[in-house]
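Worksheet for the structure shown next.
The values are calculated or read from the model by the stated rules, or taken from the named source; none is laboratory data. In this text, all values refer to a predicted model and were calculated from it rather than measured experimentally. As a convention, Cβ positions derive from the backbone with ideal geometry for all residues, glycine included, and neighbour counts pool all protein chains shown. We work out accessible area using only protein heavy atoms, side chains counted, and drop any ligands, DNA or RNA first. Shrake-Rupley method; radii C 1.70, N 1.55, O 1.52, S 1.80 Å.
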Amino acid sequence: MLDAALTTRDVHGRQWSDARWGCYAFYDYDGEPIYVGQTNERLRVRVRRHLTNQRTDAVAMRILDVFEVAEMELWPLWEFEEVAGKRHPDYAAAQQRLNAVEYTAYLNAIRESRFKAILNEKIPPVSPTVDLPTSGRFPLISDAIRRERGHPDIRIARRAETISRLAAVAHERGEVSDGLRRVLVIQGVRLAYIAAVRLAYAEGRPTPDPSAIDVTGLVGSVLFEHDDSPDLFDTDG
């Protein structure tokens, strides 16, 4: 289904994933946004690296568990197809636009998230918000796989394993980014919530409200890195 998504064409006959510049987002089995990224090396290349574990960075491979990715969304920036390197006169403008699209998509993902946080180790560069280009959203798992992997007990076990692997990386490296430690907390929140939902179901109680866990209270702002100035741009749009 990943291959099918990467070869799907838009109304103009272009493969969505062929765009050199663009942004992407991944969603889990609940439609919860879990990761937003950008690329200028073609969308299909970056997406495939994520979803086939071809990333060479051990941290990146463990932050995003491909087992949990059920859908993806692509925002191609077709207007920059000819901008192929930093020496191109339009490179700076293309990168600025890319950053703005990524940050806007990131803010939208935060708003849509039941936890008001996603699993980006590095928060995108703070940029003015913009109108997002037309996107394509694609399922990546079949109904049969969704039924098999979507059982809460399987997802709880998998999420706990992801946290364990990520914590092991932090232990082995000693010095890790603040973002990795933030992701550890957010993954812990995601695990706690799905386990609480399972308990409530077993006991016949209503599904817990995700707002019972205050992620901002645990990790601080997820709108900008703590060492970046939040006053550079208006990000309320």
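Working from Cα pairs under 8 Å separated by at least six residues, relative contact order for the range 97-173 is 29 percent.
Computed over the Cα atoms, what is the radius of gyration of the range 60-151 divided by 2.2 N^0.38 Å, N being its residue count?
Here the Cα radius of gyration is 1.32 times the empirical estimate.
When ASP30, ASP65 are compared by accessible area of protein heavy atoms, the largest-first order is ASP30, ASP65, using a 1.4 Å probe. For the chain, the longest principal axis of the C-alpha atoms and the axis of helix 91-112 are separated by about 20°. Residues whose amide H lies under 5 Å from that of TYR35, counting only those 5 or more places away or on a different chain, are PHE26, LEU119; hydrogens are built 1.01 Å from N in the peptide plane. Rounded to the nearest 10 degrees, the angle from helix 152-173 to the longest Cα principal axis of the chain is 70 degrees. In the assembled protein chains, VAL83 presents an accessible area of approximately 10 Å² (probe radius 1.4 Å). All other residues whose Cβ lies under 9 angstrom from that of PRO210 are scored, Lys and Arg at +1 and Asp and Glu at -1, for a net of +1. Rounded to the nearest Hz, the phi-derived 3J(HN,Hα) couplings of the range 132-143 under the Karplus curve 6.51 cos²θ - 1.76 cosθ + 1.60 (θ = phi - 60°) are 6, x, 4, 10, x, 10, 9, x, 10, 9, 7, 4, where x marks glycine and proline. Give me the net charge of GLU161's neighbourhood, meaning all other residues with Cβ under 14 Å from the Cβ of GLU161; Lys, Arg count +1, Asp, Glu -1. So the environment of GLU161 carries a net charge of +4.
Which loop-located GluC sites (Glu not before Pro) does the range 118-191 contain, where loop means any DSSP state but H, G, I, E or B and the Cβ has at most 12 other Cβ atoms within 10 Å?
In loop regions of the range 118-191 (DSSP not H, G, I, E or B), the sparsely surrounded GluC sites (Glu not before Pro) are GLU175.
Computed from Cα atoms, the angle from the helix 178-203 axis to the main principal axis of the chain rounds to 50 degrees.
Our summary gives the chain a relative contact order of 21 percent, counting only alpha carbon pairs under 8 angstrom and 6 or more residues apart. Evaluating 6.51 cos²θ - 1.76 cosθ + 1.60 at θ = phi - 60° for every residue in the range 23-30, the Karplus couplings come out as 10, 8, 9, 10, 10, 8, 5, 9 Hz, glycine and proline recorded as x. A 1.4 Å probe over all protein chains sorts PHE26, PHE80 by accessible area into PHE80, PHE26, starting with the largest.
Report the net charge of residues surrounding ASP3, where surrounding means a beta-carbon distance below 11 angstrom and charges are Lys +1, Arg +1, Asp -1, Glu -1. Around ASP3, the surrounding residues sum to +2. Highest GNM mean-square fluctuation among LEU218, LEU74, LEU119, for the chain modelled with Cα contacts below 10 Å: LEU218. The calculated 222 nm mean residue ellipticity attributable to helices in the chain amounts to -13500 deg cm²/dmol, summing -39500 (n - 2.57) over DSSP H runs of n ≥ 4 and dividing by all residues. Relative contact order for the range 1-127: 29 percent, from Cα pairs under 8 Å spaced at least 6 residues apart, divided by residue count.
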